[in-house]
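The values are calculated or read from the model by the stated rules, or taken from the named source; none is laboratory data. Just so it is clear, the model here is predicted, and its values are computed rather than measured. Cβ placement follows ideal geometry from the backbone for every residue including glycine, while neighbour counts extend to all protein chains displayed. Each accessible area value is taken on the protein alone, full model and side chains, heavy atoms only, with ligands, DNA and RNA left out. Shrake-Rupley method; radii C 1.70, N 1.55, O 1.52, S 1.80 Å.
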Amino acid sequence: MADIKIEKKKGWKDLPACDYLEAGSAAAFETGDWRSERPVWIPENCIQCLFCWVYCPDSAVVVKDSLMAGFNYKHCKGCGICAVECPGKKGKKAIVMEAEKK
Amino acid sequence: MSEKKNLKAKTGNEAMAEAMRQINPDVVAAYPITPATEIVQIFSQFVADGVVNTEFVAVESEHSALSACIGASAAGARAMTGTSSQGLALMYEMMYIAAGLRLPIVIAEVNRALSAPINIHGDQSDTMGARDSGFLQIYCENSQEAYDSMIQAVRICEHPDVLLPATVSTDGFIISHCMEAIELLPDEKVKEFVGTYKPKNWLLDVDHPFTLGAIDLQDYYFEHKRQEIEAMRKATKVIKEIGKEFGQKFGRSYDMIETYKLEDAEAAIVVLGSTAGTAKVVIEEMRKQGKKVGMLKLRVFRPFPFDDIREALKDVKIVGVMDRHDGYNGYVAPVCSEVRSCLYELDKKPKIASYVYGLGGRDITLEMITEIYEELLSGKTDNNAKYIGVRE
């Protein structure tokens, strides 16, 4: 995952001419800050099926060494698809949605 | 030029098609419309005959024509099209996009009245409606200028300081269908003059991917528009340089404006397009009678040559601005508004009068222009626009 850059807005003299942007820059742009609910991972209920990773529309499920390892909250929009798809273990979900508390 | 001139009888449309053949753009996408149809019709024959290696896209509308040119230009191609009137109006939406994305597309444009009432003849309401689109606008007095300006436009638009699209316009039928003897340049000279289009960023350059045309809200839109404004400002210098270089190479120099007998003129008119030729005849006649009249021909309307106009008209007592369009502001026509605005900076301001003429292709005669000069010389002009040749 690209590091989150704190964007410093350029003036018109320094901006690249034309409405032209570096490709693949979405990873560096924080888009999860308007989430109202966040998915919470409960590792003891996780069977590592990776359904959450497959279904996540924002590639916000972090996988390390082929195993689910949590969420990238900079990009998760809190859609809840992962929590719905999660089969869990013995009827207990490994992903639950919680309200964002600020 | 030392070589023997290659004079050929060409209509304005044929001259523009000929320029396009020599430029040999990568992509031409077009839809037919009177009186510009011939330009791309002739050009499509060049494509069919294999004398150019242009990809010709026969699209279903002018909106699509310019859209295809935008796609091609963004991909890295030199793209051109041709249109007129309603066709240009159908392109309006895409014109702002071509300019905003800074794509150097050249449109061979034939000025024709806009509907309604429906009319196919020449007036400048089509390009005047597109004057805020970010396109450079070049107006041609005759076929020779149309041919020369098409060739220059490619260089001007593609200049790194500019990167804006342009319309090169002739007056519908008066120039587009009028046959004149014009000098054609050798193919290789044109090829050498226009060079190869080498965009800095082009979408088919897969080794350097980038995003073009992304959403640009309160945070960046203004900065990008400011860049576009700056490009338009810088275009003045580029148009002058390229017009001069063209003159050095081929013997016909071009500038933002052309002045005619203006040095000692008491009364002057400002005019765009073919009417400049008619006015020159009137000036010659009136000068023989000792009347000090002159003319400023506005060759380029976008960017607006305010410095040149101010310098050229500063000593004239009275100026009549002739518009082949009315901007419906209920006062004076658009070219007059801008000329007046730029002369306002002068300490000693010439008096200014607005004349609207030739709507829907109504003839502008030598007598009408003479009457305008006589009125200017008398000093008895109106504050509001006056309509020449309309039945009361």
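To keep it simple, each residue is scored yes or no on (1) within 18 Å of B:Glu109 (Cβ to Cβ); (2) not in a strand (DSSP E or B).
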site	(1), (2)
B:Ala17	yes, yes
B:Val28	yes, no
B:Ile39	yes, yes
B:Gln45	no, yes
B:Asn53	no, yes
B:Ala65	yes, yes
*Of the numbered conditions (1) more than 25 Å from B:Asp132 (Cβ to Cβ); (2) open to solvent by less than 40 Å² (accessible area, probe 1.4 Å); (3) in contact with a Gly (Cβ under 6 Å, 6 or more places away or on another chain), B:Arg362 fails exactly one; give the number of that condition.*
(2)
_Which count do you get for residues in the range B:164-214 that are open to solvent by less than 50 Å² (accessible area, probe 1.4 Å), more than 14 Å from every other protein chain (Cβ to nearest Cβ) and outside any loop (DSSP other than H, G, I, E, B)?_
11
*Read through the list (1) open to solvent by less than 80 Å² (accessible area, probe 1.4 Å); (2) outside any strand (DSSP E or B); (3) away from chain A (no Cβ under 14 Å); (4) touching a Leu at 6+ places or on another chain (Cβ under 8 Å), then give the number of the only condition that B:Ala231 fails.*
(3)
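If you check B:Val332 against the conditions, is it in contact (Cβ under 8 Å) with a residue 12 or more places away in the chain, part of a loop (DSSP other than H, G, I, E, B) and open to solvent by less than 10 Å² (accessible area, probe 1.4 Å)? Spell out how you get there, then give the answer.
Values: in contact (Cβ under 8 Å) with a residue 12 or more places away in the chain: yes; part of a loop (DSSP other than H, G, I, E, B): yes; open to solvent by less than 10 Å² (accessible area, probe 1.4 Å): yes.
For B:Val332, the condition - in contact (Cβ under 8 Å) with a residue 12 or more places away in the chain, part of a loop (DSSP other than H, G, I, E, B) and open to solvent by less than 10 Å² (accessible area, probe 1.4 Å) - is met.
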*asked:* Return the pair list, or none, for Cβ contacts closer than 7 Å from residues in the range B:260-281 that are outside the structural domain of B:Ile352 (by TED's automatic domain parsing) and on the phi > 0 side of the Ramachandran plot to residues that are modelled with pLDDT of 95 or more and open to solvent by less than 10 Å² (accessible area, probe 1.4 Å), at least 6 apart or on different chains.
replied: none
*asked:* Which condition from (1) within 14 Å of chain B (Cβ to nearest Cβ); (2) farther than 30 Å from B:Ala231 by Cα is the one that A:Val96 breaks?
replied: (1)
*Which of (1) in a loop (DSSP other than H, G, I, E, B); (2) at pLDDT 95 or above; (3) surrounded by fewer than 16 Cβ atoms within 10 Å (Cβ to Cβ) is the odd one out, the single condition B:Ser2 does not satisfy?*
(2)
*Matching residues, the range B:124-137, being touching a Leu at 6+ places or on another chain (Cβ under 8 Å), assigned to a loop (DSSP other than H, G, I, E, B) and open to solvent by less than 10 Å² (accessible area, probe 1.4 Å)*: B:Gln124, B:Ala130, B:Phe135
*For the range B:92-108, does any single residue satisfy the condition of being assigned to a helix (DSSP H, G or I), over 23 Å from B:Gln227 (Cβ atoms) and either assigned by TED's automatic domain parsing to the domain that holds B:Ile156 or at pLDDT 95 or above (or both)?*
no
*So, of the residues in the range A:20-43 that are open to solvent by less than 50 Å² (accessible area, probe 1.4 Å) and in a loop (DSSP other than H, G, I, E, B), which turns out to be farthest from the other protein chains (Cβ to nearest Cβ)?*
A:Ile42
*asked:* Please go through the range B:284-306 and give me each residue that is without any contact (Cβ under 8 Å) to a residue 60 or more places away in the chain and in a helix (DSSP H, G or I), ordered by number.
replied: B:Glu284, B:Arg287, B:Lys288, B:Phe306
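If a residue has to be β-branched (Val, Ile, Thr) and either open to solvent by 20 Å² or more (accessible area, probe 1.4 Å) or within 14 Å of chain A (Cβ to nearest Cβ) (or both) to count, how many in the range B:87-116 make the cut? First the steps, then the outcome.
Filtering the range B:87-116 down to residues β-branched (Val, Ile, Thr) leaves B:97, B:105-107, B:110.
Add one more test, that the residue is either open to solvent by 20 Å² or more (accessible area, probe 1.4 Å) or within 14 Å of chain A (Cβ to nearest Cβ) (or both), and what stays is B:97, B:105.
Total meeting the criteria: 2.
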*Sort out which residues of the range B:218-228 are open to solvent by less than 100 Å² (accessible area, probe 1.4 Å) and either part of a helix (DSSP H, G or I) or of a type outside the set (D, E, K, R) (or both), and write them in order of number.*
B:Tyr220, B:Glu223, B:His224, B:Lys225, B:Arg226, B:Gln227, B:Glu228
*Does B:Tyr357 satisfy being open to solvent by 40 Å² or more (accessible area, probe 1.4 Å) and either under 21 Å from B:Gly389 (Cα atoms) or free of Cβ contacts under 8 Å to residues at least 60 places away in the same chain (or both)?*
no
